[in-house]
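> Pasting in a structure now, in structure tokens, and then I'll have a few things to ask.
The values are calculated or read from the model by the stated rules, or taken from the named source; none is laboratory data. Remember, predicted model here, so these are calculated numbers, not experimental data. Because the Cβ atoms are built from the backbone with ideal geometry, glycine has one as well, and the counts that use them run over all protein chains shown. Just the protein is used for accessible areas: all its heavy atoms, side chains included, with ligands, DNA and RNA removed. Shrake-Rupley method; radii C 1.70, N 1.55, O 1.52, S 1.80 Å.
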Amino acid sequence: MANPKHALRDGDALLIVDVQNDFCPGGALAIAGGDGVVPVLNRWIEAAREAGIAIYASRDWHPAGHLSFVDEGGPWPPHCLQDTEGAAFHSGLMLPSDTIVVTKGARFDQDQYSAFDQTGLEARLGRDGVRRLWVGGLAEDVCVRATVLGALAHGFEVVVIEDATRPVTPEGGEEARREMAAAGAGFQTTD
Ligand SMILES: [Zn+2]
């Protein structure tokens, strides 16, 4: 268990993955209980603000006809179309105005699950002096998984906030947790 007010230290950052309307109930690619991560993440956001810890938030940001959509032969229904309500961050998420937004999924030639996939995020984190990331968001077995593995591959320490993420499927979540743990991620639930 980790209390957000005591867990964060110098060199930490909060990385919130894809907490967008389309991944929440009522959205185009809704994850069961997806909006349940919002109140938990808000506690971490509040603690981060109080401690002067930087907050990064990634977003899936697709052009119309993106190759990840089923009509184009991809695995997903159309979701997170640029500048639509579905692509907006969940309105309950208390992101401060100085949140550093990481946009992915805008490429025409490939999808990007990881917030580290050709975004340059590792360079920005390095410049900001970040060494350890607290990660939550959606979905645990897709973009959170890929982002955590990407962060570890770039040498960052990672703690997954277990109660601040939800998987597309329970089996996928179990598999993702095994993979993330095997790659060196730590896990904490919010106290
Ligand atoms: Zn997507």
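> Hey, could you check the stretch 53-76 for residues that are out of contact with any Phe, Trp or Tyr (no Cβ under 6 Å at 6 or more places or on another chain), part of a loop (DSSP other than H, G, I, E, B) and open to solvent by less than 50 Å² (accessible area, probe 1.4 Å) and say which is farthest from ILE31 (Cα to Cα)?
ILE53
> To continue, here is another question. From the list PHE108, PHE116, which one is closer than 30 Å to HIS6 by Cβ and away from the ligand (no atom under 12 Å from the Cβ)?
PHE116
> Every residue in the stretch 26-50 that is more than 16 Å from the ligand (Cβ to nearest atom) and open to solvent by less than 60 Å² (accessible area, probe 1.4 Å), please.
GLY33, GLY36, VAL37, VAL38, VAL40, LEU41, ASN42, TRP44, ILE45, ALA47, ALA48
Rundown of residues vs (1) surrounded by fewer than 21 Cβ atoms within 10 Å (Cβ to Cβ); (2) part of a loop (DSSP other than H, G, I, E, B); (3) touching a strand residue (DSSP E or B) at 6+ places or on another chain (Cβ under 7 Å), yes/no style:
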residue: SER114; (1), (2), (3): no, yes, no
residue: GLY129; (1), (2), (3): yes, yes, no
residue: TRP134; (1), (2), (3): no, no, yes
residue: VAL142; (1), (2), (3): no, no, no
residue: GLY173; (1), (2), (3): yes, no, no
residue: ALA176; (1), (2), (3): no, no, no
residue: GLU179; (1), (2), (3): yes, no, no
